[in-house]
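First the structure, in the form of structure tokens, and then the observations on it.
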Amino acid sequence: MAGSPARVFAALLPAGDVCRNENEPAAGWVARRPAQQQQQPGREVQVSGNAELSAPPDRARLSARVGSRKESVAEAKSSVSRRLEYILQSTRLQGVKEEHVTVTRDIRRVENAYYMEAEVCVIFTDFVKMQNVSNLLAEKLDSSVTVGTPEFYHTSECLQRLRRQACLAAVANARHKAREVCQVVGQALGRPLLIKEEETKEWRGQNEDAPDPETHTLQQRIDNATFFVTSVVFVSFEIKAKEKGKKKT
């Protein structure tokens with residue numbers, strides 16, 4: 001008796017989708033798909049963005065020294081104390097807090113006399129007040145008082161804030177660029193997929209017109225201390241199909 005004709009069904013699957021049951025014989029191959037398939041990568045736009053920001057110094061340090069040479073220690077102390085009190089009073093009148101004022105005193109023998117020197121170091125957040133104190137001391141006190149050149153600098157909090165702002169500005173510029181690209185091709189910008197800061201640079205301003213620091217004006221000193229930060233970022237955004245407007249009913 002002739003046997004019934006046999007029918008064979010076959011499906012061609014990628015190699016990674018063909019699995020074998022270890023409990024079945026070699027001839028018993030089973031073709032099946034894994035429960036979870038790897039999704040195909042979506043459409044995206046990759047752009048770079050950069051930003052450059054700067055910040056002037058937020059602190060200034062001003063020092064003033066007063067010295068006196070007398071035959072006795074008491075006379076040297078008395079001479080220095082009068083002018084020292086005038087310096088401290090000048091800072092108080094400008095609203096400088098006590099924690100921003102540091103006073104050091106030094107007494108030493110010089111031949112048959114005593115020399116006493118006191119130094120006042122004041123930290124200013126208001127540069128106008130700093131200049132007022134500097135001008136007043138130079139005008140009212142004699143040559144025994146030396147007013148130093150102000151030193152401008154940044155606090156660590158100020159620099160950290162500037163670095164963050166530069167990075168955020170670079171990301172915002174990258175997003176703006178990506179949005180314009182999507183508009184050109186008739187698409188909509190989606191969520192960010194990757195944000196990476198690739199490069200940062202930092203430097204302080206330099207004034208080449210006055211090579212000698214002692215000849216710099218106050219504004220030139222501030223410009224020289226100004227801190228610059230650049231940030232370059234790489235950002236990948238998802239591209240969404242532009243939604244069509246709904247028909248009016």
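The values are calculated or read from the model by the stated rules, or taken from the named source; none is laboratory data. Source: prediction; values computed, not measured. Cβ placement follows ideal geometry from the backbone for every residue including glycine, while neighbour counts extend to all protein chains displayed.
Observations, loosely collected:
- Members of the stretch 116-130 found to be closer than 13 Å to L218 by Cβ, touching a residue at least 60 places away in the same chain (Cβ under 8 Å) and not in a strand (DSSP E or B), listed by number: F127, M130
- Residues in the stretch 173-197 that are part of a strand (DSSP E or B) and free of Cβ contacts under 8 Å to residues at least 40 places away in the same chain were compared, and the one that is farthest from E238 (Cα to Cα) is E197.
- Residue identified as at pLDDT below 95 and hydrophobic (A, V, I, L, M, F, W, C) among V171, V185: V185
- Inclusion of A170 among residues that are within 30 Å of A241 (Cβ to Cβ) and either touching a strand residue (DSSP E or B) at 6+ places or on another chain (Cβ under 8 Å) or in a loop (DSSP other than H, G, I, E, B) (or both) is warranted.
- Per the conditions (1) touching a residue at least 40 places away in the same chain (Cβ under 8 Å); (2) outside any helix (DSSP H, G or I); (3) farther than 30 Å from S72 by Cα, the sole criterion not satisfied by V96 is (1).
- Entry remark, the stretch 216-249: residues being at pLDDT 75 or above and not aliphatic (A, V, I, L, M) number 17 in total.
- Selection from the stretch 87-115 of residues that are out of contact with any strand residue (DSSP E or B) (no Cβ under 9 Å at 6 or more places or on another chain) and either aliphatic (A, V, I, L, M) or under 19 Å from L218 (Cα atoms) (or both): L93
- Candidates G148, G205, G190: the one that is touching a helix residue (DSSP H, G or I) at 6+ places or on another chain (Cβ under 8 Å) and of a type in the set (G, A, S) is G205.
- Any pair with Cβ under 6 angstrom, 6 or more apart, that starts in the stretch 131-154 at a residue that is modelled with pLDDT of 90 or more and ends at one that is outside any strand (DSSP E or B) and loosely packed, with under 15 Cβ neighbours inside 10 Å: V147/A138
- Restricting attention to the stretch 99-115, the residues being at positive phi and in contact (Cβ under 8 Å) with a residue 24 or more places away in the chain number 0.
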